[in-house]
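A short write-up of the structure that comes next.
None of the figures in this text is laboratory data; all of them are computed from the coordinates on show. Worth saying up front: this structure is predicted, and the values here are computed from it rather than measured. Using ideal geometry, Cβ is built from the backbone for each residue, glycine included, and neighbour counts are taken over all protein chains shown.
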Amino acid sequence: MKKTLFLLLCSGSIMAQYTNVELGFSVNQFRGLCEPALAVSKTDPAYQVAGAILDQVFYSSDSGKTWTRDTLKSSYGVWGDPVLISDYQGNFYFLHLSDPTGENWRSEEILDRIVCQKSTDNGKTWNDGSYMGMHHPKDQDKQWSVADRKGTVYTTWTQFDKYGSKEEEDRSNILFSKSTDGGKSWSDAISINQFSGDCLDGDQTTEGAVPAVTEDGTVYVAWGYDNKIWFDRSEDGGETWLKEDKVVADQPGGWDIEIPGLMRANGMPVTVVNNKEGEYKGEVYVNWVDERNGNFDVWFARSTDGGDTWSEPQKVNDDDTEADQFFTWLSCDQTTGYLYCMFYDRRNYKDLQTDVYLASSKDGGRSWVNEKISEKPFTPNPNVFFGDYNHIDAYQGVVRPIWTRYDKGGRTSIWTALITKKD
């Protein structure tokens, strides 16, 4: 037994077991629970808030052991792409797409803005919200956000001149806006990408922008386009950006990927910065999925000079199989500087059964330890919408991944694992 444990540790993999907790479930082929996001409070990590398609919000006051489920409402409409973040003042923000008429795709106003709702009581109640990027009839999609220590909230997303259009003149661009008053109002949205994409929601579309921010207000963001991971930087809080975008890495096969058993999937990048005092402070990290090895793996690159240059891509999943790993997300615990990368993983099976894995790094991503964190596998149904992402957040050693699973009968459910990582 001791020899087996030693071999497992030396290989970089641990077969750990963590308590899994179900937040909620639904039985709906087209609008079932999926695309979850979760935020851990930065004033008291026992408080956690999560969201899922289409308009569901969950909150916990006991570190994720139990959850209360509610429906988020706004006069601007709540229409998916849930994003949850927490600031350093104890507030939570829920960003999502809009549907102001409530008629979804029957209305030309759907996706006309990015909406941000705020909770000051750990997710129990929410204001009606504010919005950014209203450029009707253009469509606003795939937003993500981050807050700095002063309470400024930064948001990036994709603007489509006309979603799904095949016309060459209709373009997609990465937009940026910020709020300096706790989400009450937002700056005029500006385009930050050097090269625009098409509007077909595929590899030639600029998409997948996730911002990260340093303590001095430097903003980093990466996205996918034209089989590459692109990167931009602002050193003045988003007022000005690089004249020429940087390339983090090639993305063989592009970000629009096909995973057996899923209705759709992507390998869009996630951007993180390390603000913890110490050897790795200031490093910028980008994480994504591609098929450079013939199957889908999770990849990682770092920059030690603010994004001017990047390390060679490093594979995060440590298996030597031809199985696929996908739906990755990356988080940095800013109290420890440790990195946590979660993803779906099929290394243990010859069929489409799927586990959830966590890879952890204490050295800025130079080495990773993989461990399975889901209690039992699931097999997705290609006829059931499964969303576009999972998520993970970590603070003060409290690590909370969140993911979707599928069970027979059309049941989709949202899960987390109770993980604590401390020295």
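Pop a pseudo-label 7 angstrom from the Cα along the beta-carbon direction at both residue 292 and residue 166 and give the gap in nm to one decimal.
With each label placed 7 Å out from Cα toward Cβ, I get 3.4 nm.
Could you put 369, 384 in order, starting from the residue whose Cβ has the fewest other Cβ atoms within 10 Å?
Details: 369 16, 384 20.
Placing the least packed residue first, the sequence is 369, 384.
Using the count of nearby Cβ atoms within 10 Å as a rough guide to exposure, how do 109, 103 rank from fewest to most? All intermediate terms of the calculation are to be shown ahead of the outcome.
Numbers: 109 17, 103 12.
Ascending number of Cβ neighbours within 10 Å: 103, 109.
So what's the convex hull volume per residue for the Cα atoms of the range 272-423, in Å³? Before the final figure, lay out the partial values.
Working: hull volume 17.4 nm³, N = 152.
That works out to 115 Å³ per residue.
Using only the alpha-carbon atoms of the chain as identical scatterers, what base-10 log of I(q)/I(0) does the Debye formula give at q = 0.06, 0.10, 0.12 Å⁻¹?
Log-scaled intensity ratios, in q order: -0.21, -0.61, -0.93.
For residue 423 and residue 277, what is the calculated FRET efficiency with R₀ set at 25 Å and r taken between the beta-carbons, to the nearest 0.05? Can you show the working numbers first?
Numbers: r = 15 Å, r/R0 = 0.60.
The computed FRET efficiency comes out at 0.95.
Where in the range 197-213 does the amide nitrogen come within less than 12 Å of the point 7 Å from the Cα of residue 105, taken along Cα to Cβ?
The answer is none.
Using the basic label-point model (7 angstrom from Cα toward the beta carbon), what is the residue 88 to residue 44 distance in nanometres?
The answer from the label model is 2.1 nm.
Give me the extension gain from residue 226 to residue 408: residue separation times 0.36 nm, minus the current Cα-Cα distance, reported in nm with one decimal.
61.8 nm
Which residues' amide hydrogens lie under 5 Å from the amide hydrogen of residue 296, considering only partners 5 or more residues apart or on another chain, with H built in the peptide plane?
For residue 296, the qualifying residues are 325.
Compute the distance in nm between two label points, each set 7 Å from the Cα along the Cα-to-Cβ direction, one at residue 125 and one at residue 25.
Those two pseudo-labels are separated by 3.3 nm.
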